[in-house]
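J.: Could you have a look at this structure, given as structure tokens, before my questions?
Since every read-out is calculated from the coordinates, none of them should be taken as a lab result. All values derive from a computational prediction rather than experimental measurement. Ideal geometry is used to build each Cβ from the backbone, glycine not excepted, and the neighbour counts take in all protein chains shown.
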Amino acid sequence: MRRVYWYLAGRFCEVRRDRAFQKYLAFRGAAEKFFNKIEGGR
């Protein structure tokens with residue numbers, strides 16, 4: 001039973017980490033676009 005619990009907990013943490021990573025990538029992409037716009041506007 002404990003093994004199943006650890007497996008589920010591990011999967012849950014993985015999903016949370018992946019989601020946070022995707023959010024980070026999306027944020028970085030938006031930031032790069034934003035800065036490129038500023039650079040191009042000069």
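J.: How would ARG17, ARG2 line up from fewest to most surrounding beta-carbon atoms within 10 angstrom? Provide the component values of the computation, followed by the final result.
T.: Working: ARG17 10, ARG2 6.
Arranged by neighbour count, lowest to highest, ARG17, ARG2 become ARG2, ARG17.
J.: Something else: Of the listed values [x] 18, 12, 8; [y] 40, 4, 4; [z] 25, 10, 6, grab the one calculated as semi-axes √(5λ) of the Cα gyration tensor in Å from the structure here.
T.: The listed entry that was calculated here is [y].
J.: Same structure, new question: Treat each spin label as a single point 7 Å out from the Cα along the C-beta direction, and report the LYS33 to LEU8 distance in nm.
T.: A separation of 3.9 nm, rounded to one decimal place.
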